[in-house]
Amino acid sequence: MVREVQDIFELLTAVHRTMDGMVEDLTDEQWMKKPLPNFNNIVSVFDHVNRVEARFLSILSGAPEAIDTQLPFHTDTWDLKEVRDGWSHALMNAEQVFSSLTVVQLEEEAVTLGIGKLNKRQLLGYMVAHTAHHRGQIPLIKKLLLS
């Protein structure tokens, strides 16, 4: 794996591991419960992150998939096992895609997002930033659930 990509993968792994630690004490019911109306629950956050990471990985691998990344925020039903299974495989999938990237590929245009056009190097960083952003929602959701 290219050294800078390895560094980004290690950072993504650290973010994932801290998210795992934040939810390890929650019951299935707590994963599914919305703490307030019109508020995200834990499962919707993880489902959304799974979908965004899968979409970004498909772009990075050169086979972009149309994945509805917003679906978790517009539904009231989730398959908790499916979301957890997706999460448990996310880092393995990321490692596989990250390992295939070359220094030359990192310069290739990847995608246009709300912040503008990103090359593959920038998309790697954005992927970590996105996951870390949603990581920050978990303590707030837990605080509301457990109060």
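Every listed requirement among (1) within 18 Å of Ser44 (Cα to Cα); (2) without any contact (Cβ under 8 Å) to a residue 12 or more places away in the chain is met by Thr112 save one, (1). Beta carbons closer than 9 Å, at least 6 apart along the sequence or on distinct chains, pair a first residue in the range 37-62 that is of a type in the set (Ser, Thr, Tyr) with a second that is buried (at least 19 other Cβ atoms within 10 Å of the Cβ) and not in a helix (DSSP H, G or I) for Ser61/Leu101.
Meeting the requirement of 2 or more residues that are surrounded by fewer than 17 Cβ atoms within 10 Å (Cβ to Cβ), over 14 Å from the mean Cα position of the chain (by Cα) and not polar (S, T, N, Q), the helices (runs of 4 or more DSSP H) wholly within the range 1-115 are 3-23, 28-32, 80-100, 103-106.
Among the residues making up the range 1-23, a single one is under 14 Å from Pro139 (Cα atoms) and of a type in the set (Ser, Thr, Tyr): Thr18. For the range 87-110, the criterion of being among the aliphatic types (A, V, I, L, M) and either more than 20 Å from Val5 (Cα to Cα) or modelled with pLDDT under 95 (or both) is satisfied by no residue at all.
Among the residues of the range 11-30, count how many are among the charged types (D, E, K, R) and in contact with a Lys or Arg (Cβ under 7 Å, 6 or more places away or on another chain). Show your work before the answer.
Initial filter on the range 11-30 (among the charged types (D, E, K, R)): 17, 20, 24-25, 28-29.
Still in the running and in contact with a Lys or Arg (Cβ under 7 Å, 6 or more places away or on another chain): none.
Here the count works out to 0.
In the set His134, His130, only one residue is over 15 Å from Glu4 (Cβ atoms), in contact with a His (Cβ under 9 Å, 6 or more places away or on another chain) and not hydrophobic (A, V, I, L, M, F, W, C); that residue is His134. Taken over the range 115-142, the residue count meeting the criterion of being on the phi < 0 side of the Ramachandran plot and without any contact (Cβ under 8 Å) to a residue 12 or more places away in the chain is 7.
The values are calculated or read from the model by the stated rules, or taken from the named source; none is laboratory data. Source: prediction; values computed, not measured. Reconstructed Cβ throughout: ideal geometry from the backbone, glycine too, with neighbour counts over all protein chains shown.
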